[in-house]
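Nothing in this text is a laboratory measurement; each read-out follows from the coordinates by a stated rule. Keep in mind it's a predicted model, so treat the numbers as computed, not measured. Methodologically, a virtual Cβ is constructed for each residue, glycine included, from the backbone with ideal geometry; neighbour enumeration extends over all protein chains shown.
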Amino acid sequence: MTLRRVFLISLASVAAVTAARAQAARLDATADVTVRRALERELVFARAVGLPEGLLIAKANEGIAKRATPKRITDAVAALGKRLQVARDHLAPNPSDDEIAAGADALYVGVPAPILKKMRAAWPNRSLALPLGVLTELVAKGLPPARAAQTVTDLMARGASNVQLYALAQSVQGDVAAGWAPEAALDLRARGVMSLLPPAPAASAFTNPRRP
Amino acid sequence: MDMERDELIERAAAVLRRRATRNPRVVARILGTVEGRPRRWWRAASWPSAPFSMAATMTLAAAGLLLGFVTREATVRPDRGASVASMPAAQALPLVAVARTGEALPVPVQFTLRDVRAAQVALVGDFNGWSQTATLLEPGTASGTWSVTVPLSAGRHVYAFVVDGRTWMTDPRAQKARDLDFGRANSVLIVQAP
């Protein structure tokens, strides 16, 4: 390693730490010093891999506002950093910050990471922020993640709009609040949305060239 | 018989003509008395001639009825009791608006809270970095009501209210989201943008 390369790496490191400290200034003024240092480390990492740094600061501020212990705050920030990275990778190629945040929320409630990739494949050119939010809420209401994800991705693939996905989440929430079993509510409401969508193209029409 | 009638008519007419003969002095005295009396205010108004008065009166009446019918909705007094009864008593009301211009635009969402003892209410959430100073609710005209409208991006958001800088409060009307990180639940809201 040449002296010049060492100098450039050192310079980049100093710049990253300086930027992280500038970002950490957005941290609540009452933050514990251990929280502040842990956050600075996470911010250096987030900047290096291109994650939205504001979400990490917000998580630390949430912990401070809730009067959590420094350890809980630093653990939560570190866990969020990992979730953000997984979400970003599975929502590739160019997820927005909102999508990364929504993906991290979905992972937080137990949605498996490959589901995010499947949803991206269903909607490659549209924002996944709302479908991911709907999926997160369905899982939070007690639905098995795989079942909820299958329903949402099926609806997306069939051309459901954001409004229809939103209505699905609202209806299921209402049904569960009224005492329905979450799975029964999801089945019924998904069928209702599905009935409004155009029929799926018949596969045989494309696979059998002899068909008139 | 006709001659007899004519004669009778002529005699009656002669009698009446005599009685109708006006004494100029008597007439002058009557007029002088009448003109000397003060005029009543309701008699001071001059009315148009009878045919025009009838037409104008009918037209005005019809116009009044029509105007009253058209503006009926605007002039009906709101049922104050009903509107108060339909308001949530001490709850926040997230109003989810619909943006019709695209997914990327933020959607204005109003948060309200009713707390008669609060001196200050802050809205904290993932949309403002959980800052307790960034988004303060403003007091409403009714006692104890607070509200603020913030633009939110489409998707799921978690939030809470902080009353007087120390009391953490979830939205009583909204769904709650478990918080495994810090153990204190948030309220959750999904904002849609078609």
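Using 17 Å as the cut-off for backbone N distance, which residues of segment A:97-124 belong to the label zone defined by a point 7 Å from the Cα of A:Gln150 along Cα→Cβ?
Under cut-off, by backbone N: A:111-116, A:118-119.
Using the count of nearby Cβ atoms within 10 Å as a rough guide to exposure, how do B:Trp168, B:Trp130 rank from fewest to most?
B:Trp168, B:Trp130
In a shell of Cβ-Cβ distance under 13 Å around A:Asp28, excluding A:Asp28 itself, what net charge do Lys and Arg (+1) and Asp and Glu (-1) give?
With Lys, Arg at +1 and Asp, Glu at -1, the net is +3.
Quick one: of A:Lys66/A:Lys118; A:Lys66/A:Lys141; A:Lys82/A:Lys118; A:Lys118/B:Lys176, which pairs are farther than 26 Å apart, Cα to Cα?
A:Lys66/A:Lys118; A:Lys118/B:Lys176
Taking the Cβ of A:His90 as the center, what net charge do the other residues with Cβ under 14 Å away carry, scoring Lys and Arg +1 and Asp and Glu -1?
The answer is +3.
Could you calculate the FRET efficiency of A:Arg37 with B:Leu105 from 1/(1 + (r/R0)^6), where r is the beta carbon distance between them and R0 is 45 Å, rounded to 0.05?
Rounded to the nearest 0.05, the efficiency is 0.75.
At 7 Å along Cα-to-Cβ for each site, give me the label-to-label distance between A:Val86 and B:Arg178 in nm.
Taking the simple label geometry, A:Val86 and B:Arg178 are separated by 1.6 nm.
Between A:Thr2 and A:Ala157, what's the calculated FRET efficiency when r is the beta-carbon distance and R0 is 35 Å? Round to 0.05.
So the FRET efficiency works out to roughly 0.10.
Around B:Phe161, under 9 Å between beta carbons, what's the net of Lys plus Arg minus Asp minus Glu among the other residues?
My count for the surroundings of B:Phe161 gives -2.
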